[in-house]
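S.K.: Before we start, here is the structure in question, set down as structure tokens.
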Amino acid sequence: MLDAPGPGYPPPRNTWQFPPPEVRTRWKWIAALATVLGLVGAAGLTTLLVVLGSQDFSGLIEDEELTDTIASQCELMTATIDSMPLSGSTPQQAATIVDQNRAVELMVLAIRRENAREVRDDEPAEQWLQDWERLVDARERYARRLLRDPEASLEVPRDADGHKITERMNDVWLGDPACTVPRTLANPRTDAYRGI
């Protein structure tokens, strides 16, 4: 807004117009240095993100296409297993264990068939699938023992550190798990009716 004209003093001017502040040479150098450091830091961070994004973390299944397949196949397997709870006589329970194992085998087969390259490239994926196979083998032995001894229990295979493999099978995901071992696979007798 311009001041209304009046006598010659002060001259007409914009009320909000002021001369620019004086910038000392030292501040110019500091601003230039901060700009250069900011650009170098941004370039370094971008490079780090690109390197980390292309790197395979040995303990995690990260491939998005593979995790999508795993999630859908695991959901089908879990629904199948949930639809056949362990109950009835000991021979019926053993037969149910074999049927549940078949659902797991079909899941593993489908993942390997649909994503062979991703399984090969994402380091822990093959070990994760082998852990499912080891669990199925242990459950098959358990079903045979159950026919001889109704009080038999499942012995879940362990890793080199002595932990149950089901723990590492559930811990290979970066965020939300694409697949977890259903409780009844690792502890089948929790759902069984023990009175028969």
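S.K.: Please enumerate the residues belonging to region 139-156 that are surrounded by fewer than 17 Cβ atoms within 10 Å (Cβ to Cβ) and among the aliphatic types (A, V, I, L, M). Give the derivation first.
M.R.: We begin by selecting, within region 139-156, every residue surrounded by fewer than 17 Cβ atoms within 10 Å (Cβ to Cβ); these are 140-141, 144-145, 147-151, 153, 155.
L147 - this is the single residue of region 139-156 that is surrounded by fewer than 17 Cβ atoms within 10 Å (Cβ to Cβ) and among the aliphatic types (A, V, I, L, M).
S.K.: Can I ask one more? Could you list, in sequence order, all residues of region 78-97 that are surrounded by 17 or more Cβ atoms within 10 Å (Cβ to Cβ) and touching a residue at least 60 places away in the same chain (Cβ under 8 Å)?
M.R.: Within region 78-97, the subset surrounded by 17 or more Cβ atoms within 10 Å (Cβ to Cβ) is 78, 80-81, 86, 90, 93-94, 96-97.
Those that are surrounded by 17 or more Cβ atoms within 10 Å (Cβ to Cβ) and touching a residue at least 60 places away in the same chain (Cβ under 8 Å): T78, I81, L86, T90, Q93, I97.
S.K.: Is it true that some residue in region 185-192 is buried (at least 20 other Cβ atoms within 10 Å of the Cβ), of a type in the set (D, E) and modelled with pLDDT under 90?
M.R.: For region 185-192, residues buried (at least 20 other Cβ atoms within 10 Å of the Cβ), of a type in the set (D, E) and modelled with pLDDT under 90: absent.
S.K.: Show the residue pairs that are 6+ apart or on different chains and have beta-carbon atoms under 9 Å apart, the first residue being within region 124-149 and assigned to a helix (DSSP H, G or I), the second being open to solvent by 60 Å² or more (accessible area, probe 1.4 Å) and of a type in the set (F, W, Y).
M.R.: Final answer for the pair search is P124/F57.
Here is a yes/no grid of residues against (1) open to solvent by less than 60 Å² (accessible area, probe 1.4 Å); (2) modelled with pLDDT under 95; (3) out of contact with any Lys or Arg (no Cβ under 8 Å at 6 or more places or on another chain); (4) at negative phi:
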| site | (1), (2), (3), (4) |
| --- | --- |
| S54 | no, yes, yes, yes |
| L60 | yes, yes, yes, yes |
| E64 | no, yes, yes, yes |
| S72 | no, no, yes, yes |
| D99 | no, no, yes, yes |
| A110 | yes, no, yes, yes |
| N115 | yes, yes, yes, yes |
| D122 | yes, yes, yes, yes |
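S.K.: Report the residue count in region 162-183 for those that are out of contact with any helix residue (DSSP H, G or I) (no Cβ under 6 Å at 6 or more places or on another chain) and either at pLDDT 90 or above or surrounded by 14 or more Cβ atoms within 10 Å (Cβ to Cβ) (or both). Talk me through it step by step, then tell me what you get.
M.R.: Step one: list which residues in region 162-183 are out of contact with any helix residue (DSSP H, G or I) (no Cβ under 6 Å at 6 or more places or on another chain), which gives 162-164, 167-168, 170-171, 173-177, 183.
Still in the list and also either at pLDDT 90 or above or surrounded by 14 or more Cβ atoms within 10 Å (Cβ to Cβ) (or both): 162-164, 167-168, 170-171, 173, 177, 183.
The qualifying residues number 10.
S.K.: Looking at V23, V50, which one is of a type outside the set (K, R), out of contact with any strand residue (DSSP E or B) (no Cβ under 6 Å at 6 or more places or on another chain), open to solvent by less than 90 Å² (accessible area, probe 1.4 Å) and at pLDDT below 90?
M.R.: Values: V50 fails: open to solvent by less than 90 Å² (accessible area, probe 1.4 Å).
From the options V23, V50, the qualifying one is V23.
The values are calculated or read from the model by the stated rules, or taken from the named source; none is laboratory data. Values in this document were obtained by computation on a predicted structure and should not be read as measured data. So basically every Cβ, Gly included, is an ideal-geometry build from the backbone, and we count neighbours across all protein chains shown. Side chains are part of the model used for accessible areas, which takes the heavy atoms of the whole protein and leaves out ligands, DNA and RNA. Shrake-Rupley method; radii C 1.70, N 1.55, O 1.52, S 1.80 Å.
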